[in-house]
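Comments concern the structure below.
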Amino acid sequence: MVKTYSAAEMIITIDGTQVTGFSDGDLVTVSFDDAKFAKYVSVDGPTSRSHNVSNAGMFKFSLSQTSASNGIFSNALNRDDARVGKGLLKVYIADPLSGGTFFKSNDCWVKGLPEAAFGKEIGAFEWEVDAPNIKFSIQELAPSGLLGELLNVVGDVL
């Protein structure tokens, strides 16, 4: 069974506007502040765990310095700096070929300006966006081709 991933098919939006002009490498990185479970082992042996209910985390967008989408992040940061709370963003990231992988969060904010370097070649700006509550689903890549279409039809019937 052949499965396909394509960076060109990714849906990455900020407040409904498609983000484009990524630098070479990862388009966006999603990370969570804490693990969902923490292990505790007492000195006499028993193991316990605690459940962390927080889904707070961060999105890191890596854009080419020539990307028009840098303005989305810069403008949000300027709005938030001038009038706190006016630069909050909705982030949505989805892989439509996966059959359901997505990450999304409301009330996100740009942490600050990215490090900037200018030289002979086109550089990158890495925008860090804090998120208070990332909702997510990670699904297996959907099979492509005729088999994938047949499996989708069967899945719809079931």
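The values are calculated or read from the model by the stated rules, or taken from the named source; none is laboratory data. Remember, predicted model here, so these are calculated numbers, not experimental data. Every residue, glycine as well, gets a Cβ built from its backbone with ideal geometry; the counts of neighbours run over all protein chains shown.
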Checklist line | Members of region 2-14 that are exposed (fewer than 13 other Cβ atoms within 10 Å of the Cβ), in contact with a strand residue (DSSP E or B) (Cβ under 9 Å, 6 or more places away or on another chain) and over 15 Å from Glu140 (Cα atoms) | finding: Ala7, Glu9, Ile11
Item checked: Filter result (among the hydrophobic types (A, V, I, L, M, F, W, C) and closer than 13 Å to Val91 by Cβ) within region 15-26 -> Val19
Notebook entry, point to check: Residues that are closer than 29 Å to Leu113 by Cα: which strands (runs of 3 or more DSSP E) entirely in region 17-62 hold 1 or more of them?
Noted result: 28-32
Next item on the list: Sort out which residues of region 101-119 are among the aromatic types (Phe, Trp, Tyr) and either within 12 Å of the chain's Cα centre (by Cα) or farther than 12 Å from Met58 by Cα (or both), and write them in order of number.
Entry: Phe102, Phe103, Phe118
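Residue by residue, here is whether (1) modelled with pLDDT of 95 or more; (2) of a type in the set (S, T, N, Q); (3) touching an Asp or Glu at 6+ places or on another chain (Cβ under 8 Å) holds:
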position	(1), (2), (3)
Phe73	yes, no, no
Asn78	yes, yes, no
Gly85	no, no, no
Leu88	yes, no, yes
Ile93	yes, no, no
Pro96	no, no, yes
Thr101	no, yes, yes
Lys104	yes, no, no
